[in-house]
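The values are calculated or read from the model by the stated rules, or taken from the named source; none is laboratory data. What you see is a predicted model; the values in this text were computed from it and never measured. Here the Cβ is made from the backbone with ideal geometry for all residues, glycine too, and neighbour counts use every protein chain on show.
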Amino acid sequence: MKLEIEQTDIEAIAIRVAEILKPMLSSTAGHKEKDALLDVVQLADYLNVSKAWVYDRIRDNEIPHYKFGKYLRFRKREIDKWIETQSFKPFQSLKVIKHVRRITDYKSVV
């Protein structure tokens, strides 16, 4: 049994297969990027800081890193997680001012 498929049908099949595979291929590329190992220079560029700043964080054991002999490496996904832990919420200054006023009012009454 021999099956003949027209060129337009083959192209339509190829386009559909490409559409189905595209999300899988792009997620694999993104996974490799997240799993990338960075050296000190690459990390400094990624964080937009100096190499000295990176070395200070390493010395103080503040930043996740790996040491292979004399070579320092950083896993990008761990750095991204570390960055998330570094965020601070701004304090609400109005509550502090109200609290201070209450203490002042209390002292003036006594």
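Here are some notes:
- Flag for Glu84 being surrounded by fewer than 10 Cβ atoms within 10 Å (Cβ to Cβ), modelled with pLDDT of 80 or more and either touching a helix residue (DSSP H, G or I) at 6+ places or on another chain (Cβ under 9 Å) or charged (D, E, K, R) (or both): yes
- Yes/no for Ile20 being at pLDDT below 85 and exposed (fewer than 10 other Cβ atoms within 10 Å of the Cβ): yes
- Residue count for the range 31-45, restricted to those that are modelled with pLDDT of 95 or more and out of contact with any strand residue (DSSP E or B) (no Cβ under 6 Å at 6 or more places or on another chain): 5.
- Filter pass, Asp60 being modelled with pLDDT of 85 or more, loosely packed, with under 11 Cβ neighbours inside 10 Å and among the acidic types (Asp, Glu): yes
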